[in-house]
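**Student:** Sending over a structure as structure tokens; questions will come in a sec.
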Amino acid sequence: MTARTHDVAAFASLLTFAAFYPPDNLNIPTLITCFIANIVGALIPDMDQATNRLWDLLPAGNIVGKILRRLMLSHRTISHSFLGIYLLYQILLYVTPVLFNENYINIGAVVWSIMIGFISHLAADSLTKEGLPLLFPIKWKIGIPPFSFLRMTTGKFMENFIVFPGILGYILWLGFNKREIFLQIIRQIKY
């Protein structure tokens with residue numbers, strides 16, 4: 001999938017999660033941080049590629065990227081697996097309290113936002129011909145549907161004209177059908 005598809009899929013996943021599990025104690029700094037964290041989470045699995053937008057955003061990103069890309073072995077290995085999900089979660093439990101002040105930002109909400117973005121990336125990539133090595137280090141790749149010839153090619157017609165607009169349509173549908181929940185969340189935001 002392309003980065004823009006991953007971005008909207010992550011946002012749709014975050015909204016879906018919020019619709020069914022409305023957050024408590026939400027304030028403006030947490031809300032903004034969660035939106036950014038969600039998009040960052042959606043980009044993390046592809047940090048094993050030189051073209052990942054995160055490398056451009058980080059100071060000395062290209063240098064750090066060259067080192068980390070080697071540690072991740074190759075594209076769609078550890079960062080696209082259950083092991084990658086577990087490792088990222090453990091890293092976030094350590095890193096987020098160091099990066100954010102708990103007095104101003106709900107760290108739990110930020111961690112969940114990143115994880116939702118990360119998992120949405122994997123779910124979207126499971127629809128592509130390449131599939132995912134979810135059981136890494138076992139090289140067996142898993143995809144939906146199970147036969148790769150039925151899956152889509154990244155950046156082609158199916159993604160650009162069906163999946164991407166479909167996700168945008170889903171966001172509009174969800175916003176309309178869960179508007180009372182979203183309005184209640186907005187009313188409860190502390191300034």
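The values are calculated or read from the model by the stated rules, or taken from the named source; none is laboratory data. Note that this is a predicted model, so its numbers are computed, not measured. FYI the Cβ positions are ideal-geometry reconstructions off the backbone, even for glycines, and counts take in every protein chain you see.
**Student:** Of the residues in region 147-175, how many are part of a helix (DSSP H, G or I), in contact (Cβ under 8 Å) with a residue 24 or more places away in the chain and either in contact with a strand residue (DSSP E or B) (Cβ under 9 Å, 6 or more places away or on another chain) or farther than 11 Å from THR5 by Cβ (or both)?
**Tutor:** 6
**Student:** While we're looking at this one, here's another question. Condition first: within 20 Å of the chain's Cα centre (by Cα), at pLDDT below 95, surrounded by 12 or more Cβ atoms within 10 Å (Cβ to Cβ) and of a type in the set (Phe, Trp, Tyr). Can you find one or more residues in region 159-172 that meet it?
**Tutor:** Looking for residues that are within 20 Å of the chain's Cα centre (by Cα), at pLDDT below 95, surrounded by 12 or more Cβ atoms within 10 Å (Cβ to Cβ) and of a type in the set (Phe, Trp, Tyr), one finds none in region 159-172, hence no.
**Student:** Pick from region 104-152 the residues that are crowded, with 17+ Cβ neighbours inside 10 Å and of a type in the set (Phe, Trp, Tyr): which of them is farthest from the chain's Cα centre (by Cα)?
**Tutor:** Step by step, filter region 104-152, then rank; the result is PHE136.
**Student:** Here is a follow-up. Of the conditions (1) under 19 Å from the mean Cα position of the chain (by Cα); (2) closer than 17 Å to SER120 by Cβ, GLY155 clears all except one; give me its number.
**Tutor:** (2)
**Student:** Of all the residues that make up region 53-100, how many are modelled with pLDDT of 65 or more, in contact with a helix residue (DSSP H, G or I) (Cβ under 8 Å, 6 or more places away or on another chain) and either among the basic types (Lys, Arg) or part of a loop (DSSP other than H, G, I, E, B) (or both)?
**Tutor:** 6
**Student:** Still on this structure, I have one more. Tell me which residues, restricted to region 79-103, are of a type in the set (Ser, Thr, Tyr) and over 17 Å from the mean Cα position of the chain (by Cα).
**Tutor:** TYR94
**Student:** State all residues of region 9-47 that are aromatic (Phe, Trp, Tyr) and surrounded by fewer than 19 Cβ atoms within 10 Å (Cβ to Cβ); if no residue qualifies, say none.
**Tutor:** PHE17, PHE20, TYR21, PHE35
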